[in-house]
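The values are calculated or read from the model by the stated rules, or taken from the named source; none is laboratory data. Because the structure is predicted, anything quoted here is derived from the model rather than measured. Here the Cβ is made from the backbone with ideal geometry for all residues, glycine too, and neighbour counts use every protein chain on show.
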Protein chains: 2
Amino acid sequence: MAAGRVPVERRRRRPTKTGTVLTEELIVDCALRLAGEHGAEALSVRRLGAALGCDPSALYRYFHDTDDLLLAVADRIIGETMGGFAPAGDWLAGLREMAHRVYGGYSRHPKIAALAAYRVTRRPHEFRAVEIGIGLMLRGGFDKATAVRHYAAFIDTVLGHAALDAAHAALAPERRGADTRAWAEAYQGLSADEFPQLAEVRRELPLMAVSSFETALELFLSALEVRAG
Amino acid sequence: MAAGRVPVERRRRRPTKTGTVLTEELIVDCALRLAGEHGAEALSVRRLGAALGCDPSALYRYFHDTDDLLLAVADRIIGETMGGFAPAGDWLAGLREMAHRVYGGYSRHPKIAALAAYRVTRRPHEFRAVEIGIGLMLRGGFDKATAVRHYAAFIDTVLGHAALDAAHAALAPERRGADTRAWAEAYQGLSADEFPQLAEVRRELPLMAVSSFETALELFLSALEVRAG
DNA sequence: AAAGTTGCGTCAATGGTGTTGACATAAGGG
DNA sequence: CCCTTATGTCAACACCATTGACGCAACTTT
């Protein structure tokens, strides 16, 4: 049953009924593509099996369960977004780019992001990302413990926003629409007596429907800058 | 089928097979209790029906679907956490307390938080919370548009951290443990050649396993303070 | 080249999930 | 007292993840 128990060297590559030869890599590829093309619900063992042309249960030869597969997919995303990133100049600019890369990567795969943004993949691409992030904090002049704590706060803030926006983007269309329209509709009709502050900013409320990631990131980075210097 | 379509006044209160009389409130109560007591998976229409002593499908007379029910439960949580909150003094202190209340409320209901933190409930308790939050920003001296944008960044940062930590807390125990231990185990064994920065802070890495909410919040608030004054 | 292991794809089955339409019954208004 | 109709119940559908038994075929060994 168990996945990965079989050493890679001993692998016997038997083609499936439809001819393709399964690989961990191929499965992750397919999962990523499937989650992207079709809606949020497309990522199930059965659909994945169908897309790969194999029996669903064959996947359990490669991954313990769907959680294991999910982490593998998440690490692939991290790898893609951080690929070729080697910040050289200003540490703050480095952090800014890293934030944009991570946020952008997860935005491109909202369904996965919503499920995996808060996980620790414990896989190579994540190792590299943390290595870079902590390096940037150290370059900012923070002592070791502060660098780690600030990196945690930084990446969690970025991941938190990414997860929020991704989860929203991954919602079924009619639900996403309803949530978005709330600020321009339900919140517009509230009584000014009961909600004076909301009435005051009524015309600006639709701003609540757009992502606050950029605003939050710049506020956060400015706070870091102050503490460093 | 549809929920809420029946005006409240016309309701015919028929007891279920086991004698209890269903109410939207009673259902939300039960859902909250169920999600708290039993593990993360306890929240399903069937279990809820069993706990209420009614047929699962009876719930569809009160809520369109599980999403509708989820939003009702989430709004209840907001109401509980914000109950009696009327910040009078310093606007920054008000924001700090609001952040702690929201984060704490969701921490007490991780399963719900993981599912609902990024939603707009469009219900009374949420209205009140936004009213208070925007009021605090206006008190900080920001103009209308900036107040709204800063409130969005503020609440999304808080909700993002709450969602991250809640999702982690709602994980199945063995998965949560594995994720947590990663920083004290998998990350400790990495080669110092390949990951020099990680090696540098190796002894501080376990800090990554604890919530970064407080750190992030204080950084965020300090940035707000600078912009206000 | 034949025999023996064993990886792994397939099949069938289990027990879970949300949701719906038909139905019967009792509640409450006239 | 009847009539309308709200609503709890039942049965069914279409999904889901996961597992154990099975047998083929791809390697290893002799």
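Some observations on this one:
- Members of segment A:1-50 found to be of a type in the set (Gly, Ala, Ser) and either modelled with pLDDT of 90 or more or more than 9 Å from DNA strand D (Cβ to nearest atom) (or both), listed by number: A:ALA3, A:GLY4, A:GLY19, A:ALA31, A:ALA35, A:GLY36, A:GLY39, A:ALA40, A:SER44, A:GLY49, A:ALA50
- Residues located in segment A:70-94, provided they are aliphatic (A, V, I, L, M) and either loosely packed, with under 14 Cβ neighbours inside 10 Å or within 8 Å of DNA strand D (Cβ to nearest atom) (or both): A:ALA86, A:ALA88, A:ALA93
- Meets criteria (buried (at least 17 other Cβ atoms within 10 Å of the Cβ), more than 21 Å from A:ALA167 (Cβ to Cβ), within 11 Å of DNA strand C (Cβ to nearest atom) and hydrophobic (A, V, I, L, M, F, W, C)) for A:CYS30: no
- A count restricted to segment A:178-199 and to residues that are facing another protein chain (nearest Cβ under 7 Å) and either closer than 20 Å to A:ASP165 by Cβ or of a type in the set (Asp, Glu) (or both) stands at 2.
- When segment B:128-151 is filtered for residues that are surrounded by fewer than 23 Cβ atoms within 10 Å (Cβ to Cβ) and closer than 10 Å to A:SER212 by Cβ, only B:ARG149 remains.
- Residue match in segment A:104-112 (condition: touching a Ser or Thr at 6+ places or on another chain (Cβ under 9 Å), farther than 30 Å from A:PHE142 by Cβ and either within 16 Å of DNA strand C (Cβ to nearest atom) or modelled with pLDDT under 95 (or both)): yes
- Single condition B:ALA172 does not satisfy, out of (1) more than 7 Å from chain A (Cβ to nearest Cβ); (2) more than 24 Å from B:PRO110 (Cβ to Cβ): (2)
- Selected residue (only one of A:ILE77, A:ILE132 is facing another protein chain (nearest Cβ under 10 Å), among the hydrophobic types (A, V, I, L, M, F, W, C) and more than 16 Å from DNA strand C (Cβ to nearest atom)): A:ILE132
- Any hit, segment A:157-175, residues being more than 26 Å from B:ALA167 (Cβ to Cβ), surrounded by fewer than 23 Cβ atoms within 10 Å (Cβ to Cβ) and modelled with pLDDT under 95: no
- Pairs are defined by a Cβ separation below 6 Å, a sequence spacing of at least 6 or placement on different chains, a first member in segment A:113-124 that is under 16 Å from A:ALA152 (Cα atoms), and a second member that is of a type in the set (Gly, Ala, Ser) and surrounded by 22 or more Cβ atoms within 10 Å (Cβ to Cβ); the pairs so defined are A:ALA117/A:ALA162; A:ALA117/A:ALA163; A:TYR118/B:ALA167; A:THR121/A:ALA74.
- Selection from segment B:34-60 of residues that are in contact (Cβ under 8 Å) with a residue 12 or more places away in the chain, more than 9 Å from DNA strand C (Cβ to nearest atom) and not small (Gly, Ala, Ser): B:LEU34, B:LEU52, B:CYS54
- Scope segment B:200-217; condition under 30 Å from B:TRP91 (Cβ atoms) and either at the interface with chain A (Cβ under 7 Å from one of its Cβ atoms) or surrounded by 15 or more Cβ atoms within 10 Å (Cβ to Cβ) (or both); matching residues: B:SER211, B:SER212, B:PHE213, B:GLU214, B:THR215, B:ALA216, B:LEU217
- Some residue of segment B:102-120 being surrounded by 19 or more Cβ atoms within 10 Å (Cβ to Cβ) and in contact with a Pro (Cβ under 7 Å, 6 or more places away or on another chain): no
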